[in-house]
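The values are calculated or read from the model by the stated rules, or taken from the named source; none is laboratory data. What you see is a predicted model; the values in this text were computed from it and never measured. Remember, those area values only see protein heavy atoms, side chains included, never the ligands or the DNA or RNA. Shrake-Rupley method; radii C 1.70, N 1.55, O 1.52, S 1.80 Å.
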Amino acid sequence: MQDFSKKIIIAEKYLRMLEKSSQFLAREEFEVYPIKTNTEALLLQRKIRADLIVTGFEIPGMSGEELCDLIRNDEELRTVSIIVICNKGPGEASRCSNCRANTFLSVDVAPQVFTNTVRKLLSVSERSSIRVPVSVRIDGRDKRGKPFLGFSENLSASGMLVESEKKLEMGDILTCSFYLDNNIQIITNAEVVRINLNSLSDRSNQYGIRFSGLTSGIIEAIEAYVKSRKNT
């Protein structure tokens, strides 16, 4: 699996805050590592050197202050950006003032504010209109050569969000075939970069997939299609 340009370590309880905001994780080049404790975050940071850590005070085990101190006092780890999520109470406000994170956000912060903060710390520019809603059938095969069927929700020249009952894994390389409204067939490889597994009430899984190996002609065709859909 190829390297991504940005890596995020994030406490599982806060991952949903990013997932709620305009498919932000699906359309950017991120490698996301959910963690349950700050101890796990520290061990993982020593291994992968993430660009951003999102954690909080209300996590079992090591406190947010201790995690920040250990990272900021380590010559090899100290450059990582850190967001600490905290409650509104005066106790945590006081603790925040002694914690060497880049930014502190309230636990009930609006998802879009959270996303904008992440975008700023990662120096990722906002891309507000590169995706359009689509309704196309995806026929393809996974890395084991088994066929799968899916339906896309939105599309850009870099990838799409696909719904499918098929169980796929992060890093799976797919061969996808689909048609645009203008009857242009797109055949491409794509990598699974984000997964939302189904709930008990919904059998479909959601996958953010990123295209790879597109020719300039296919990229231009998709971009023209996206542009035409935005203008309708």
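Sort PHE211, PHE104 by heavy-atom solvent-accessible area, probe 1.4 angstrom, most to least.
Heavy-atom accessible area, descending, gives PHE104, PHE211.
How much of SER216 can a 1.4 Å solvent probe reach, expressed as accessible area in Å² and rounded to 10?
Rounded to the nearest 10, that gives 80 Å².
Largest first and in whole Å, what are the equivalent-ellipsoid semi-axes of region 30-92 based on the Cα gyration tensor, each being the root of 5 times an eigenvalue?
So the three semi-axes of region 30-92 are 19, 13, 11 Å.
Which entries of LYS36/LYS146; LYS6/LYS167; LYS120/LYS167; LYS13/LYS47; LYS7/LYS227 show an alpha-carbon separation above 28 angstrom in the structure shown? If you can, show how the numbers build up before the last one.
Numbers: LYS36/LYS146 34 Å; LYS6/LYS167 25 Å; LYS120/LYS167 33 Å; LYS13/LYS47 22 Å; LYS7/LYS227 30 Å.
From the list (LYS36/LYS146; LYS6/LYS167; LYS120/LYS167; LYS13/LYS47; LYS7/LYS227), the Cα-Cα distance tops 28 Å for LYS36/LYS146; LYS120/LYS167; LYS7/LYS227.
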